[in-house]
Amino acid sequence: MENALTFCQMPLDRASTLRKDKTWLQAKLQSDSSHFYFYWCGRFLYFEQELFVFTQAEHNNVLGESFNTPLISLVIEQSSVSFLGTKHEQAYFVCSLAFNDDAEVEQWLLTLGNSALKFLDFIRSLTLLKPKVAATLSYAKALIHWQQSTLFCGCCGNKTQPLEGGHRLICTDDDCQKEHFPRTDPAVIMLVEYKPKTGPAVCLLAEHHRTPEKVFSTLAGFVDPGESLQEAVTREVLEEAGINVTNVSFIDSQPWPFPNSLMIGFIAEADSMTLCLEDEELRSADWFSAEQLLTFADWGAENDLPKLPRKESIARLLIDSWCKKQLETN
Ligand SMILES: [Zn+2]
């Protein structure tokens, strides 16, 4: 099923069998047709407003500019390179400069001699990216986050080293050799609705402490060990808002690489409107009809109106699709 959500339109074949072949991977690393992205501290390298994609070919970029190929190749050799996948037999890699400090990265950019090259924050520059590229970078960011948080073996504390283009890490201790695989944290996110006997249905939205004031979003939370997704929805709504829910139904899912979550979206039905809020999580919460939500502003709007979550988020999809359904049926 085609998923129009941001980060869900992956164009690459992850080539999970081919990447186990060291010879194949090495040939792709050296191939003129391979593409390289550059990542550093939550940011990707851009040339002006375009994502910078490097290839070893003579015309070494897709932007019509000339760059210092030997210098970029040297950085690729010295950085932590992960294989992302293939498209039309061309391989895509991401180079993480995680082990370089600010001064080293600035010096590298200076040496490249092109002041239009700069690292831009991933989420803030999302609007510059096509959906398929955003999906690829989201995957790259989550993979690198896992690698950087698994530099040492969780069993014995010795260093790990990458295998399969960065998709597996193995403990370097001969007695341990524990293998580590990429982690994704499942989180449930749910639109809670209440259907009164008369009058329009309403949905529960909250101002979270982690988002700017006056942004009203759905409830969400991480899945606990030993818990089903439906149980997580029920528990989170009860903990955060003091509401019992039934009829928990799956709507959609979205990878959310901040840092490495998988958001699993639901709709659930409340048995009452009496709220008892968890102050640590929520600044405020209230029930809103679809008509009321039509008056809300977009995320980032510079006015005093209440605002909806980011357009890229599954929270927004849950709210928008619920609103659409209410307005159609009323
Ligand atoms: Zn170990």
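If the condition is being at pLDDT 80 or above and either assigned to a loop (DSSP other than H, G, I, E, B) or among the small types (Gly, Ala, Ser) (or both), then segment 65-97 contributes 73, 79, 80, 82, 85, 88, 89, 91, 96, 97.
Looking at this structure, is residue 161 part of a strand (DSSP E or B), surrounded by fewer than 15 Cβ atoms within 10 Å (Cβ to Cβ), within 16 Å of the ligand (Cβ to nearest atom) and not assigned by TED's automatic domain parsing to the domain that holds residue 121? So residue 161 passes the test. Of the residues contained in segment 44-64, none is found to be touching a residue at least 24 places away in the same chain (Cβ under 8 Å) and in a helix (DSSP H, G or I).
Take residue 3 and tell me if it is touching a helix residue (DSSP H, G or I) at 6+ places or on another chain (Cβ under 6 Å) and at pLDDT below 85.
When the stated conditions are applied, residue 3 does not pass them.
The single condition among (1) under 26 Å from residue 299 (Cβ atoms); (2) at pLDDT 95 or above that residue 211 does not satisfy is (2). Of the residues 249, 321, the single one that is outside any loop (DSSP other than H, G, I, E, B) and under 30 Å from residue 121 (Cβ atoms) is 321. The single condition among (1) away from the ligand (no atom under 16 Å from the Cβ); (2) surrounded by 16 or more Cβ atoms within 10 Å (Cβ to Cβ) that residue 195 does not meet is (2). Among the residues in segment 172-184, are any within 16 Å of the ligand (Cβ to nearest atom) and either in a strand (DSSP E or B) or at pLDDT below 95 (or both)? Yes, because at least one residue in segment 172-184 is within 16 Å of the ligand (Cβ to nearest atom) and either in a strand (DSSP E or B) or at pLDDT below 95 (or both).
Among the candidates 237, 188, the residue that is surrounded by 20 or more Cβ atoms within 10 Å (Cβ to Cβ) and farther than 30 Å from residue 148 by Cα is uniquely 237.
The number of residues in segment 283-330 being charged (D, E, K, R) and touching a Lys or Arg at 6+ places or on another chain (Cβ under 8 Å) comes to 5.
Residue selection: residue 129 satisfies the criterion of being over 30 Å from residue 226 (Cβ atoms), more than 16 Å from the ligand (Cβ to nearest atom) and not assigned by TED's automatic domain parsing to the domain that holds residue 322.
Scanning segment 303-330 for residues that are among the charged types (D, E, K, R) and in contact with a strand residue (DSSP E or B) (Cβ under 7 Å, 6 or more places away or on another chain) gives a single hit, 307.
Only one of the listed residues (94, 133) is in contact with a helix residue (DSSP H, G or I) (Cβ under 6 Å, 6 or more places away or on another chain), under 26 Å from residue 16 (Cβ atoms) and either of a type in the set (A, V, I, L, M, F, W, C) or crowded, with 17+ Cβ neighbours inside 10 Å (or both). That residue is 94.
Only residues that are closer than 16 Å to residue 281 by Cα and small (Gly, Ala, Ser) were counted across segment 189-231, and they come to 4. Of all residues in segment 80-91, those satisfying the criterion of being surrounded by fewer than 20 Cβ atoms within 10 Å (Cβ to Cβ) and within 23 Å of residue 150 (Cα to Cα) are 80, 81.
Just so you know, in segment 285-310 the residues that are at pLDDT below 95 and small (Gly, Ala, Ser) include one that is farthest from the chain's Cα centre (by Cα), and it is 301. Determine whether segment 101-120 contains at least one residue that is modelled with pLDDT of 90 or more, farther than 23 Å from residue 258 by Cβ, in a strand (DSSP E or B) and basic (Lys, Arg). No: zero hits.
The values are calculated or read from the model by the stated rules, or taken from the named source; none is laboratory data. Note that the coordinates shown come from a computational prediction; the quantities given were computed from them, not determined experimentally. A quick note on method: Cβ atoms are made from the backbone with ideal geometry, for glycine too, and the neighbour counts reach across all protein chains shown.
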